[in-house]
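**Q** Next up is a structure, given as structure tokens.
The values are calculated or read from the model by the stated rules, or taken from the named source; none is laboratory data. Everything quoted here is computed from the prediction, not taken from an experiment. Because the Cβ atoms are built from the backbone with ideal geometry, glycine has one as well, and the counts that use them run over all protein chains shown.
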Amino acid sequence: MERESLLATLIVLLGGLALQLFAAWPERIDNRSQARQLERVHWLALWWPAAPALTVAAWLCGWALSQPDPVPAHVGRLIFIATAPFVIVGGRAAARAAWSLCHSSRVYGIVTVGLLWPRILVAPQLAKTLDDHAMQAALAHERTHVRHRDPLRIWLAQFVTDLQWPWGSARRRFTCWLAALEHARDDEARASGVEGADLAAAVLSSLRFQVGIAAAAATLIGQPEALPARIARLLRPLPEGAPDEEPPYLIVAGGLAMVWLAAIALGTLCGERLIGSLLAMSS
């Protein structure tokens, strides 16, 4: 079998298995942090189950570097049967991601759309019902979505969540992140001078327009089930706390890079025995 084809098959099998195992792990996050910091923590929590899968993929790439092409070992049918469920999950995730891009937002109140070049859309009917203060509050909120490219982030978050299907814990992490995202953008808009009551009025007024929105969009109302808590939060004074700090992304990225380089080295040195045993068992 060609080395690259076998490598891709093993990545889907073993990487998918690692992703599914870690996707089932329940996530516990301290919700007492500031909204913007909490949103970043939830964002990292969405992606952390993918780190072991990528580590497995790096180890397999190291193994492939030490193998001839084609690989002389016989690949049994059992390998492809075991890979099928992960192919189905990946295909489902890809199809849903593609559908969210093709499905247009024909009915909306106020929404930010566009993955690479986000823009704000406002329904004319909604603009007629909002006073100037509420409209400016809504636009300030949506501008924060544009600034952070949130439609792209929502699309990516939905994709990585779908890769962890059917685990409910992955869906809960996604839902918690969406709620934290809206709280963070609310606080950011209010910090620029927007009144919470004006933003709450805009959210409630746009609720009846919010039907048929694509998944890759940042809507003003966010998650409908989180609206009561969000409105109550908007009507309270803006929370005060310690200065908002950026998470140590560079440290995390550097640590992961070191782990993946070590995994490649280990795959080169000792991957042949383990993969050989796996292929022998499948024959």
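**Q** Checking the condition surrounded by fewer than 19 Cβ atoms within 10 Å (Cβ to Cβ) and closer than 24 Å to LEU38 by Cβ, which residue from ARG119, ARG171 passes?
**A** On inspection, the qualifying residue turns out to be ARG171.
**Q** Okay, next question. Does any residue of the range 213-223 turn out to be on the phi > 0 side of the Ramachandran plot and touching a helix residue (DSSP H, G or I) at 6+ places or on another chain (Cβ under 8 Å)?
**A** Yes.
**Q** Also, quick follow-up: Quick one: how many residues across the range 1-55 are part of a helix (DSSP H, G or I), under 28 Å from LEU250 (Cα atoms) and among the charged types (D, E, K, R)?
**A** Residues meeting the conditions: 3.
**Q** A further question follows. Select from the range 178-228 the residues that are farther than 29 Å from ALA95 by Cβ, among the hydrophobic types (A, V, I, L, M, F, W, C) and either modelled with pLDDT of 90 or more or more than 25 Å from the chain's Cα centre (by Cα) (or both) and list them in ascending order.
**A** Hits for the range 178-228 are ALA184, ALA189, ALA191, VAL194, ALA197, LEU199, ALA200, ALA201, ALA202, LEU204.
**Q** On the basis of being at pLDDT below 90, out of contact with any Cys (no Cβ under 7 Å at 6 or more places or on another chain), within 30 Å of LEU238 (Cβ to Cβ) and of a type in the set (Val, Ile, Thr), does VAL75 make the cut?
**A** Against the criterion (at pLDDT below 90, out of contact with any Cys (no Cβ under 7 Å at 6 or more places or on another chain), within 30 Å of LEU238 (Cβ to Cβ) and of a type in the set (Val, Ile, Thr)), VAL75 does not qualify.
**Q** Looking at the range 190-207 only, could you name the residues that are buried (at least 19 other Cβ atoms within 10 Å of the Cβ), touching a Gly at 6+ places or on another chain (Cβ under 9 Å) and either touching a residue at least 60 places away in the same chain (Cβ under 8 Å) or among the aliphatic types (A, V, I, L, M) (or both)?
**A** ALA202, VAL203, SER205, SER206
**Q** Restricting to the range 56-115, name every residue that is surrounded by fewer than 15 Cβ atoms within 10 Å (Cβ to Cβ), basic (Lys, Arg) and in a helix (DSSP H, G or I).
**A** Matches in the range 56-115: ARG77, ARG92.
**Q** Which pairs have Cβ atoms under 9 Å, sit 6 or more apart or on different chains, and link a residue in the range 271-283 that is touching a residue at least 60 places away in the same chain (Cβ under 8 Å) to one that is among the polar types (S, T, N, Q)?
**A** Listed pairs, sorted by first residue: GLY271/SER66; GLY271/GLN67; GLU272/SER66; GLU272/GLN67; ILE275/GLN67.
**Q** Enumerate the pairs (first residue in the range 56-70 and under 15 Å from THR9 (Cβ atoms); second residue anywhere and small (Gly, Ala, Ser) and part of a loop (DSSP other than H, G, I, E, B)) with beta-carbon separation below 9 Å, excluding pairs fewer than 6 apart on the same chain, so at least 6 apart or on different chains.
**A** Going by the 9 Å Cβ cut-off, the qualifying pairs are GLN67/ALA73.
**Q** Could you look through the range 41-55, keep only residues that are buried (at least 21 other Cβ atoms within 10 Å of the Cβ) and not aliphatic (A, V, I, L, M), and pick out the one that is nearest to ALA180 (Cα to Cα)?
**A** HIS42
**Q** Looking for whichever is among the aliphatic types (A, V, I, L, M) and within 30 Å of ALA189 (Cα to Cα) here; the options are LEU101, LEU78. Which one fits?
**A** Going through LEU101, LEU78 in turn, just one is among the aliphatic types (A, V, I, L, M) and within 30 Å of ALA189 (Cα to Cα): LEU101.
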